[in-house]
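Remarks on the structure that follows.
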Amino acid sequence: MIRLDVRNLTKHYRRGDAAAVRDVSFELPEGKLLALVGESGSGKSTLLRLIAGLETPDQGSITLDGTVISSPAAVTPPEQRGIGLVFQHHALFPHLTVEKNIAFGLRHLPRGERAAVIAPLLDLVGLPKLGGRYPHELSGGERQRIALARALAPNPRVLLLDEPFSSLDARLRQSVRDETRAILKERGATALFVTHDTGDALSIADRIVVLKQGTVQQEGAPPEVYHAPANAYVASFFGTCNFLPVHSLPHPSGARILCHVGPPGAREEAAGFGVWVRPEDLELVRPDKPDTLGGIITRVSFRGAYLEVTLRCEAAGSAPFDVSVRHHAPFMVHPGEHWAIAPRPRRHAGPEPTRD
Ligand code: ADP
Ligand code: MG
């Protein structure tokens, strides 16, 4: 069932300004986690504010469980939407204990019934004993979990999270986002979160919507946007991606297109023929190996588990171009050496793994 349906949404803050959000459409099915990802200024917070009911759209509509809650004609007030919010700096009330913070969202319940809701939520976020603590007595990760518990307490139909991990350091971030996904899944929550961090989006979401300058570039499952980007922008946004110019070669059977990777002729260059290849899908091979593309190593960066190697490829009659390759030991390579690149053989050729 579609919980939230965003249709052709457009929003200008001021007449004459470029649209902050332009003709954006996506669906959020019940029980799924959707990430809105894009660089700063791409319209993520504006979309969240529109969904929360804090802004009125210029065009389009937002439908929650089959009822239109936003359109240019009418906007249901935020408090009547059944939507929960978790903000960037998880804003717990500093003068209230954890229990009282969570109870804040339960004011509609008689006092006596609140404890019965709070205890299972503290269990859910793995902090059953911390109900009496104040926010300053918690670690960053614990505060994040309490903020989540507080937002989940009133059982929102949709939970909105704005950059929920941005105040956490890199080490904590990885574990907190895994925990957050596990908690939301256990609860069966329907959630939409915005982030500028592609790692957040890839590791948490069931579906990802990629935004650029207020427009949707692609919508898909994490492996789709990573391995089958819709355009050059999406390809590069999710990490280094090489554009390798290609020549097309005639194939006698006519059934396949053969590509020769290498410097383009004038005609191909004009047409922009090429293939996008991620550094981890290439490997370094001896330069005398046939059907490879040779070059000189210009940079080797140690990344811990692998080396990020830049190869400057050059051939007669064309401008040199750089290719980035992820190289795993066993052998070391150094700047100035001649090497060649080849596609890394795929270990398995099945469909991409999917999430529930
Ligand atoms: P993001 O959250 O992806 O960084 P925003 O939705 O905050 O992007 O902003 C999208 C665009 O709308 C930006 O160009 C921003 O400057 C503009 N904008 C955001 N809020 C306002 C506002 N209250 N008034 C005018 N312009 C705004
Ligand atoms: Mg923002």
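The values are calculated or read from the model by the stated rules, or taken from the named source; none is laboratory data. All values derive from a computational prediction rather than experimental measurement. Glycine gets a Cβ as well: all are built from the backbone with ideal geometry, and neighbour counts include every protein chain shown. Accessible surface is based on the protein model in full, side chains and every heavy atom, while ligands, DNA and RNA are left aside. Shrake-Rupley method; radii C 1.70, N 1.55, O 1.52, S 1.80 Å.
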Mind checking which residues of region 177-208 are within 19 Å of L36 (Cβ to Cβ) and of a type in the set (A, V, I, L, M)? L184, A189, A191, L192, V194, A201, L202, I204, A205, I208
Being modelled with pLDDT of 90 or more and either of a type in the set (S, T, Y) or open to solvent by 50 Å² or more (accessible area, probe 1.4 Å) (or both) is the requirement here; does R286 meet it? yes
Which one of these does E79 not meet: (1) open to solvent by 50 Å² or more (accessible area, probe 1.4 Å); (2) over 23 Å from the mean Cα position of the chain (by Cα); (3) within 16 Å of ligand 1 (Cβ to nearest atom)? (3)
Pick from L9, L47: which is in a strand (DSSP E or B) and either within 8 Å of ligand 1 (Cβ to nearest atom) or assigned by TED's automatic domain parsing to the domain that holds A201 (or both)? L9
Take R171 and decide whether it is surrounded by fewer than 19 Cβ atoms within 10 Å (Cβ to Cβ) and at pLDDT below 90. yes
Return yes when R133 is surrounded by 15 or more Cβ atoms within 10 Å (Cβ to Cβ), assigned to a loop (DSSP other than H, G, I, E, B), of a type outside the set (S, T, N, Q) and away from ligand 2 (no atom under 16 Å from the Cβ) and no when it is not. yes
In region 17-30, residue nearest to ligand 1 (Cβ to nearest atom) [restricted to those that are open to solvent by less than 20 Å² (accessible area, probe 1.4 Å) and within 17 Å of I208 (Cα to Cα)]: V21
Could you please let me know if R81 is more than 20 Å from L9 (Cα to Cα) and away from ligand 2 (no atom under 16 Å from the Cβ)? no
Step by step: first the residues of region 186-223, then only those that are touching a strand residue (DSSP E or B) at 6+ places or on another chain (Cβ under 8 Å) and over 30 Å from H12 (Cβ atoms), then the one that is most open to solvent (accessible area, probe 1.4 Å). Which residue is that? L202
Set A228, A235, A182: member being out of contact with any Gly (no Cβ under 8 Å at 6 or more places or on another chain), open to solvent by 50 Å² or more (accessible area, probe 1.4 Å) and away from ligand 1 (no atom under 16 Å from the Cβ): A182
Does I62 satisfy the criteria of being open to solvent by less than 30 Å² (accessible area, probe 1.4 Å) and either within 8 Å of ligand 1 (Cβ to nearest atom) or more than 24 Å from the chain's Cα centre (by Cα) (or both)? no
Flag for I51 being under 30 Å from L168 (Cβ atoms), β-branched (V, I, T) and within 16 Å of ligand 2 (Cβ to nearest atom): yes
Search region 212-230 for residues that are more than 20 Å from T240 (Cβ to Cβ) and pair each with any residue that is away from ligand 1 (no atom under 16 Å from the Cβ) and open to solvent by less than 50 Å² (accessible area, probe 1.4 Å) when their beta-carbon atoms are under 8 Å apart and the residues are at least 6 apart or on different chains. V216/S25; A221/D206
